[in-house]
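Only one structure is covered here, and it is reproduced in the block below.
Since every read-out is calculated from the coordinates, none of them should be taken as a lab result. Not measured: the values here are computed from a predicted model. Neighbour counts are summed over all protein chains in view; Cβ atoms, including those assigned to glycine, are modelled from backbone coordinates with ideal geometry.
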């Protein structure tokens, strides 16, 4: 698999505010959708099922977004996903959105591995760590 991963997402009318610009909270759906697509491909299975099979739950720990330019109804946004950091029990994704080669947003999204029973952080399973390491940014 290539170290570069991206998806294309068209801004739908319902994603926008009355001015025709993407409604701020909806960018979170774009980010999560891109990460899920990346992880489904990386793990060769639906992300949630693969995590459950590894004995972990993957809640979000942190999410940030910086808007660089407007995203409007009917724009096609190319969203790239890479791995920024792999910690002991958490990992961070780096995302960038482009529309017609113009940078429109940047985002970071951190997930933490927790034990399903104790709900406490647990080390990233080695198989997941190895797959994530193949996509470290830089």
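Relative to the compact globular guide of 2.2 N^0.38 Å, what is the alpha carbon radius of gyration of the chain, as a ratio?
Compared with the compact-globule rule of thumb, the chain sits at 1.10.
Only helical DSSP H runs with n ≥ 4 go in: add -39500 (n - 2.57) per run for the chain, normalise by residue count and round the 222 nm mean residue ellipticity to 500 deg cm²/dmol.
-7000 deg cm²/dmol
Can you order the peptides 64-71, 109-116 by their average number of other Cβ atoms within 10 Å per residue, highest first?
Highest to lowest by the protection proxy: 109-116, 64-71.
Using the count of nearby Cβ atoms within 10 Å as a rough guide to exposure, how do 136, 95, 42 rank from fewest to most?
136, 42, 95
Residue 101 to residue 54: extension gain in nm, 0.36 nm per residue of separation minus the Cα-Cα distance?
My answer for the length gained is 13.1 nm.
By how many degrees, between 0 and 90 and to the nearest 10, does the Cα long axis of helix 27-43 differ from the longest principal axis of the chain?
40
Hey, how many Å between the Cα centroid of the range 16-47 and the Cα centroid of the range 59-138?
Going from one Cα centre to the other spans 11 Å.
Per-residue counts of other Cβ atoms within 10 Å, averaged by peptide: what ranking do you get for 18-27, 72-81, highest first?
So the order, starting with the most tightly packed, is 72-81, 18-27.
In whole percent, what relative contact order does the range 57-138 give with Cα contacts below 8 Å and a gap of six or more residues? Present the calculation step by step, with values, prior to reporting the outcome.
Working: 156 pairs, mean separation 28.9, N = 82.
Rounded, it is 35 percent for the range 57-138.
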